[in-house]
Amino acid sequence: MALTGLEIFKLLPKTNCGDCGVPTCLAFAMKLAQKKAELSECPHASEQAKEILGAASEPPMRLLKAGVGADAFETGGETEMFRHEKTFYHQTAIAVKIDDNQPADSIAAQVKEADEYIIERVGEKLHIDAFRLSNISKDSGKFLSALDVIMQNSSRAVIIDCADIETVKAALSKLNGRRPIIRPGDGDVMEFAKLASEQGASLIIDAGSFQELAEKTEKTAASGFRDMILNLHCDGAGEKLRGNTIMRRAALRKGFKPFGYPAIWFINDEDESELIADAVVGICKYCGIIVLPKFNKEMLLTLYTLRQNIYTDPQKPIQVDPRLAAIGDPKSDSPIFVTTNFSLTYFIISGEIENAGISAWLVIPDCEGMSVLTAWAAGKFSGDKIGKFVKEIGLENKVNKREIIIPGYVAVISGDLEEALPGWRVIVGPQEASDLAPFIKNYLNN
Ligand code: SF4
């Protein structure tokens, strides 16, 4: 039976030392109860706590990290079957395959092109997460040289796809702490697990059936190594969908530990439309990582958009940071607009100002990511709050102008805002962003 947060709390040291990454033992107990943390994160847990809580307190799906620094990504750690039940936490990582049997300049060109393809969408930078280096050549020297080329041209995570343990050892020493993922294929899983454990790497477990996969992960976990990624061999999107769904349900709903790891899919389809269908299924249905056989801008643009939509928390509006934004190159007498920090609103308004061909200041107070009318109705976009924010950001020291343009939908706050900002004149702008260009033209001519 699952223990409550308070029951778990009674078993913790209650010193509030913070070594587990949260400030108090009670907060940590709550995280354990929600299966968002593991008892091993508390270095001071007693043997009694370990015995009682043990595996029961672990999240149903292991959270893994790959890569380092700004290019690191996390995969797994999911708790829901469907996003509408709560949310999905870690978006499907996208990797691109590189074969080691190609000339170095060709590998460099492919890596650079894929690495540098970054698009910005509603304030988020979208890019690939990893390269899979495949030992097609079966030649250790070629594999290691190809790895050098990848590392010279990108700092993204690497999946080392090679069954020769000596070559993998040499590759790991080059990667030196960059948390790679190893795919040993038909190599000895236990030997590779030992190596991965020593080197802080994750390990892909390949299997042709559920039973084989469960046996392999159980045996590996029994050795103490648990940073595994599941690769159930499937023939096409339908089988993959079925396989991933069964494994996820077993892990999340039945607490079946052998499947409590993220899944990966190496997509091999030559046919473009089947390739895209596979990738879409992988993102929609439970792959922690998908590996594409090649780089393709158009395909990635589609996949990024899909991925972002699925992995956006429906409970949290997408927001931009509250701040004074400079649109173009505003001067002290440039127009001053105000809007909320709901990402979509911000991008629409800033885009319309840019399209009008002017530079301006955009005041963006914290409205918890709500749109203009919702924020106003919730009391987050009142004259008082905007006035306070204008003072906090020191706007009066940056501009000579004492006029601020508010969205037409909240004309009602103009009196309060003038009261909050003595000496300022509040101008009511248009209700719709699409009317900003004519409004600006009119405003600047008066
Ligand atoms: S590390 Fe352990 S003792 Fe310290 S605050 Fe966390 S739960 Fe409490």
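Extension gain, Glu85 to Thr302, is 75.6 nm, computed as 0.36 nm per intervening residue step minus the present C-alpha separation. Taken per residue, the accessible surface of the chain reaches 46 Å², heavy atoms only and a 1.4 Å probe.
As a ratio to 2.2 N^0.38 Å, the alpha-carbon radius of gyration for region 116-161 is 1.44.
Taking every Cα-Cα distance in region 5-57 and sorting them into 5 Å bins from zero, the calculated P(r) comes out as 4, 25, 41, 25, 5 percent.
If you take the Cα centroid of region 427-443 and the Cα centroid of region 327-398, the two points sit 14 Å apart.
The relative contact order of region 26-131, computed from alpha carbon pairs under 8 Å that lie at least 6 residues apart in sequence, is 17 percent. In this view, the solvent-accessible surface of Glu58, computed with a 1.4 Å probe and all protein chains in place, comes to about 40 Å². A probe of 1.4 angstrom, applied to the heavy atoms of all protein chains, finds Glu239 with accessible area near 90 square angstrom.
Of the chymotrypsin sites (Phe, Trp or Tyr not before Pro) found in region 217-289, those in coil by DSSP whose Cβ has at most 16 other Cβ atoms within 10 Å are Phe256. The separation of region 141-193 from region 72-129, counted between C-alpha centres, amounts to 18 Å.
The alpha carbons of region 1-158 occupy a box of 61, 39, 28 Å along the principal axes, longest dimension given first. If you run the Gaussian network model on the chain, springs between alpha carbon atoms under 10 Å, then out of Gly18, Gly282, Gly123 the most flexible one is Gly18. Across Thr4, Thr345, Thr217, the residue with the most accessible area heads the list, and the full order at a 1.4 Å probe is Thr4, Thr345, Thr217.
Volume per residue for region 215-260 equals 68 cubic angstrom (convex hull of Cα atoms). Taking the alpha-carbon centroid of each part, what is the distance from region 196-247 to region 27-45 in angstrom? Using only Cα atoms to place each centre, the spacing works out to 25 Å.
Here the relative contact order of the chain, from alpha carbon pairs under 8 Å that lie six or more residues apart, stands at 11 percent.
Place a point 7 Å from Cα of Ser434 in the direction of its Cβ. Which residues in region 358-376 have their backbone N less than 13 Å from it? Residues passing the 13 Å test: none.
In terms of the Cα gyration tensor, with a ≥ b ≥ c the square roots of its eigenvalues, is region 300-400 rounded because a/c is under 1.5, prolate because a/b exceeds b/c, or oblate? Verdict is oblate for region 300-400. Stretching Arg425 away from Lys441 to a fully extended chain increases their span by 3.9 nm, per 0.36 nm per residue minus the current alpha-carbon distance. Counting every C-alpha pair in region 190-243, the share spaced more than 13 angstrom apart comes to 57%. Heavy-atom accessible area, probed at 1.4 angstrom with all protein chains present, ranks Ser434, Ser209 as Ser434, Ser209, highest first. I want to make sure I understand the PRE zone here: with the label point 7 angstrom from the Cα of Ala72 toward its beta carbon, which residues in region 16-36 have backbone N atoms less than 18 Å away? The answer is 19-22, whose backbone nitrogens lie closer than 18 Å to the label point. Checking the a/c ratio against 1.5 first, then a/b against b/c, what shape does the Cα gyration tensor give for region 78-200? In terms of gyration-tensor shape, oblate.
Between Lys316 and Glu120, the simple label model (points 7 Å from Cα in the Cβ direction) yields a spacing of 2.1 nm. Shape call for region 204-319 from the C-alpha gyration tensor, a ≥ b ≥ c root eigenvalues: rounded (a/c under 1.5), prolate (a/b greater than b/c) or oblate? Oblate, since a/c reaches 1.5 and b/c is not below a/b. Here the spin labels are modelled as points 7 Å beyond Cα on the Cα-Cβ line, and at Lys169 and Arg402 they lie 7.7 nm apart. Ligands, DNA and RNA excluded, the heavy atoms of Trp376 present near 110 Å² of accessible surface to a 1.4 Å solvent probe. Where in region 72-97 is the amide nitrogen less than 12 Å from a point lying 7 Å along the Cα-to-Cβ axis of Arg323? Label zone hits: none. In the distance distribution for region 63-310, Cα-Cα pairs more than 31 Å apart total 18 percent.
Potential lengthening of the chain between Glu198 and Glu212 amounts to 2.5 nm, from the contour at 0.36 nm per residue minus the alpha-carbon distance.
In the chain, Rg over Rh equals 1.06, where Rg is the alpha-carbon radius of gyration and Rh the Kirkwood radius from pairwise Cα distances.
Nonpolar atom fraction for the chain, defined as the carbon and sulfur part of the 1.4 Å probe accessible area, stands at 50 percent.
Simple spin-label estimate for Glu392 and Ile52 gives 4.3 nm between the two label positions (7 Å along the Cα-to-Cβ direction from each Cα).
For a straight C-alpha distance cut-off of 25 angstrom, the lysines reachable from Lys14 (same-chain residues fewer than eight places away being disregarded) are Lys31, Lys35, Lys36, Lys50.
The values are calculated or read from the model by the stated rules, or taken from the named source; none is laboratory data. Being a predicted model, the structure only gives us computed values, none of them experimental. Here Cβ is always computed from backbone atoms with ideal geometry, including for glycine, and neighbour counts include all displayed protein chains. The area values use the complete protein model at the heavy-atom level, side chains included, leaving out ligands, DNA and RNA. Shrake-Rupley method; radii C 1.70, N 1.55, O 1.52, S 1.80 Å.
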